[in-house]
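Quick note: the coordinates plus some simple rules give every number you see, no bench work behind them. All values derive from a computational prediction rather than experimental measurement. Positions of Cβ are generated from backbone atoms using ideal geometry, with glycine treated the same way; all protein chains shown enter the neighbour counts.
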Amino acid sequence: MHAAGMLISSSARLNRRTRFCRQGIIPTGRGTQLHRALPTSTQHTTITMKSLSPALASLANVFKIPMSMAPVRPSISRACHETLNRQTQQPGPVTAALQSAPFSTTSAMAARKGKGPVVDKRITLIRYFLHHPLTPRPLRFSRNRYLRHWTIHRAWQLFRAQQRRKHELEMMRQYQSMQDACEELRTGAGDGGKLFRVSMNKKGIFTDMFPIEYARMQTDSPPSEGWNYDWKRPGQK
Amino acid sequence: MAHCELASKPLLQCLRKTYSRGVAGVQLQTRAFQSTASVREAEAETPSQPFHKAPDPSLVTSPRLERRLLRQGTAPIGSRRRRAALQDSENIPFEQLPYQCFQEARKILLADREEKLKEIETMRQRLARQEALSVEEAGGAKAKKSRVTAMQLHLERLKVLADINDPLVKRKFEDNQGDMSKPIYRFLADRKWREYRRKILVQRITQMKVIPDVLPHCDPVVETKLHFGKRQVQAGEFVEAKLSTSAPKLDLQMFEGGQKLVTIAVVDPDVPNVEKDNFDYKTHFLAVNVPISATSTKVDLAQLLEDSQVVFPWLPPVAQMGSPYHRLSLFIMEQKDSQPLDFAAVKAKETSRDTTLLRTLQSRYHLKAIGAHLFRTQWDDTTLEVMKEIGFDGANVELRRKRVEPLPYKRRNPSSFR
């Protein structure tokens with residue numbers, strides 16, 4: 001019973017992954033759809049372009065210029081689908097259970113005698129896309145250029161730090177001048193601090209319009225406990 | 001004309017136009033960032049010979065000249081395309097390269113540096129004023145001392161901060177051309193050392209238990225490198241007995257300014273003692289009053305002065321056959337207030353290599369461990385030769401582990417099984 005449950009969960013995981021791929025970042029067949037909308041003359045040019053060079057083709061791919069017959073980089077979803085469905089055999093319940101262990105990247109049964117080396121599908125996919133000729137090369141800088149980049153980066157960080165510091169000092173100055181004003185009101189007004197006490201009274205603030213409890217930080221998601229139906233305004237019975 | 005020259009021609013032409021317009025006026029006013037000389041100045045000399053006679057490895061492009069250079073033993077520098085581009089370009093110093101964002105960034109950094117220099121100046125004045133105060137005025141010796149120390153620390157920090165954003169400083173440091181008498185390069189070197197090599201060292205001396213065995217505690221602040229002959233020995237490496245017959249050379253890199261007097265000791269905590277069934281200590285080397293500083297780093301243990309520094313000269317380490325490996329731990333100990341120890345007194349007091357414990361020395365002379373290193377030695381093919389050379393008694397002895405009779409319940413086949 002337990003093993004069967006594990007099997008189901010593992011297959012569900014697989015499904016989720018493929019579903020994610022299907023909604024993936026690169027939509028399937030973008031090139032073909034765009035191509036269909038184009039007039040015939042453009043088609044002709046693209047076909048001649050295709051025969052030019054793979055470098056042009058990759059440039060076209062980067063700048064999203066539609067090329068029907070060009071070697072479009074295969075979409076992630078299709079490659080994922082193929083690789084993931086290329087299972088030699090359905091794993092037994094024990095293997096499935098072991099594979100669903102949260103921190104293992106290889107299956108424990110891989111060490112068994114008689115079976116070939118089991119390569120993780122994810123590694124296959126990463127390697128496929130990393131070494132695909134249309135994958136853009138990694139960003140490399142020459143030494144001087146890297147130093148220039150570093151200089152600019154440092155200057156930007158310094159500038160940000162200076163701005164932050166200025167802002168902090170400004171806030172501090174404002175706070176202190178406010179505090180000084182309050183102190184002056186308390187001691188220098190000559191009414192024994194009555195005016196100060198009255199002005200510091202918080203009565204009626206945030207109770208006349210809407211309660212302060214309603215004010216909360218703007219968040220992306222609703223609160224975890226949802227709506228509190230039992231809440232009453234503090235003054236009410 | 002080679003391929004690459006053709007290819008780089010239009011690029012060069014357009015670059016040359018930009019340079020001739022923009023840079024000439026900038027030359028003088030943008031020098032200010034660095035007080036040290038510009039990188040490219042050395043190349044300004046005019047060649048007396050024609051180029052094909054003495055080709056420059058950083059400029060040569062034709063394959064024939066390249067081959068000739070290679071035959072002479074100097075490889076051309078960079079790619080051929082790069083060399084071709086360099087041939088026709090003016091040597092614009094890095095800080096004057098006409099990139100707008102870069103120049104704007106440099107303006108910000110320069111302004112910040114000016115500010116830091118001003119801060120350093122005011123801090124120096126404040127420090128001088130504080131030091132000139134008498135103890136009563138400053139409110140006690142302790143308060144004065146703490147204030148002065150804090151100010152000095154802040155001053156050092158400011159000195160580093162003034163230069164840390166300079167790309168030329170970074171480049172020089174990466175090329176290992178940094179001047180260690182300047183605080184910024186010491187800071188960078190220290191940071192680099194602490195990132196990896198110090199961690200390795202600390203791991204080795206703690207995992208091999210040198211730390212509790214020889215000394216109770218050590219926080220290395222001096223980078224130590226050990227060479228036997230030309231070979232550098234990593235911390236904890238096994239060294240052949242033959243190699244370690246002569247005293248090693250040390251490279252002690254300090255990361256603080258000023259000079260220090262240190263005591264250097266090499267201790268072996270693994271000398272087997274058969275009678276006691278235990279291990280003894282042996283001091284293989286001891287020298288006092290060795291001056292080190294951030295710029296003079298080399299210490300040759302064989303070259304130290306016999307009459308004022310070396311208490312015990314180098315004794316080649318050997319491990320008897322069958323004994324477990326010996327850890328030869330080297331400690332750099334700072335003498336208190338960098339005051340020289342009285343050599344004659346030390347020499348008179350420490351007479352035997354076997355009874356001198358490093359812990360005792362540490363407490364007796366108020367030493368503080370600031371650096372450590374470690375190598376190991378074990379029985380190998382050359383040990384016997386070395387033993388004969390130094391007159392080691394017990395060269396023909398092989399040590400064996402005593403057979404320990406297993407406890408009855410741990411025996412493989414006790415009588416109760418039958």
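Could you pull out every residue, at least 5 positions away or on a different chain, whose amide H is within less than 5 Å of the one on B:Val311? Hs are placed 1.01 Å off N in the peptide plane, and Pro or chain starts have none.
When sequence neighbours closer than 5 places are left aside, the close amide H contacts are B:Leu286, B:Ala287, B:Val288.
Let me check the size of the range B:62-189 from its C-alpha atoms; what are the radius of gyration and Dmax in Å?
23.7, 80
Residue by residue through the range B:264-271, what is 3J(HN,Hα) from phi via Karplus (6.51 cos²θ - 1.76 cosθ + 1.60, θ = phi - 60°)? Round to whole Hz and write x for glycine and proline.
10, 9, 10, 10, 10, x, 10, 7
Leaving out same-chain residues fewer than 8 places away, which lysines sit with a Cα under 19 Å from that of B:Lys182?
Qualifying lysines at Cα under 19 Å: B:Lys116, B:Lys118, B:Lys159, B:Lys170, B:Lys172, B:Lys192, B:Lys260, B:Lys298.
With the contact rule set at Cα under 8 Å and sequence spacing of 6 or more, what percent relative contact order holds for the range B:200-390? Write down the numbers at each step before the final one.
On the way: 422 pairs, mean separation 58.2, N = 191.
It comes to 30 percent, rounded to a whole number.
Taking Rh as the Kirkwood radius computed over C-alpha pairs, what is the Stokes-Einstein D of the range B:200-390 at 20 °C in a medium of viscosity 1.002 mPa s, expressed in µm² per second?
Numbers: Rh = 16.8 Å.
Rounded to a whole number, D works out at 128 µm²/s.
So what J values fall out for the range B:336-348 if you push phi through Karplus, 6.51 cos²θ - 1.76 cosθ + 1.60 with θ = phi - 60°, rounded to Hz, Gly and Pro as x?
5, 6, 6, 8, x, 7, 6, 4, 4, 5, 5, 4, 6
Less than 14 Å apart at the alpha-carbon level, and either on another chain or at least 8 residues along: which aspartates and glutamates does that give for A:Lys121?
Once the sequence-local aspartates and glutamates are set aside, what remains near A:Lys121 is A:Glu82.
Taking the inverse of the average 1/r across all pairs of different Cα atoms in chain B, what Kirkwood radius in Å do you get? Kindly include the intermediate steps, with their values, before the conclusion.
On the way: mean 1/r = 0.0368 Å⁻¹.
The answer is 27.2 Å.
Name the residue farthest towards the positive end of the dipole of the range B:200-390 from the options B:Gln259, B:Phe279, B:Leu357, assuming +1 on Cβ of Lys and Arg, -1 on Cβ of Asp and Glu, about the Cα centre.
Working it through, the farthest residue towards the positive pole turns out to be B:Gln259.
In whole Hz, with x marking every Gly and Pro, tabulate ³J(HN,Hα) for the range B:175-190 from phi via Karplus 6.51 cos²θ - 1.76 cosθ + 1.60, θ = phi - 60°.
For the range B:175-190, the Karplus curve yields 8, 6, 10, x, 8, 6, 7, 9, x, 5, 5, 5, 4, 5, 5, 4 Hz.
Report the gain in length on full extension from B:Gln177 to B:Gln100: 0.36 nm times residue separation, minus Cα-Cα distance, nm rounded to one decimal. Provide the component values of the computation, followed by the final result.
Working: separation 77, 0.36 × 77 = 27.72 nm, distance 2.87 nm.
Stretched fully, the B:Gln177-B:Gln100 segment lengthens by 24.9 nm.
Straight-line reach from B:Lys230: which aspartates and glutamates have Cα under 16 Å away, leaving out those fewer than 8 places along the same chain?
Filter leaves B:Glu240, B:Asp251, B:Asp300.
Gap in Å between the Cα centre of the range B:316-387 and the Cα centre of the range B:264-312?
Their Cα centres are 4 Å away from one another.
For labels at B:Val135 and A:His81 in the simple 7 Å Cα→Cβ model, what's the distance in nm?
Each label point is offset 7 Å from its Cα along the Cβ direction, giving 8.8 nm.
Would you mind getting me the FRET efficiency between B:Leu384 and B:Arg411? Use the beta-carbon distance for r and R0 = 41 Å, nearest 0.05. Mind showing how you got there, number by number?
On the way: r = 38 Å, r/R0 = 0.93.
It comes to 0.60.
Of all the C-alpha pairs in the range A:145-211, what % are more than 15 Å from each other? Please list the in-between numbers first.
On the way: 1605 of 2211 pairs.
The answer is 73 percent, as a whole percent.
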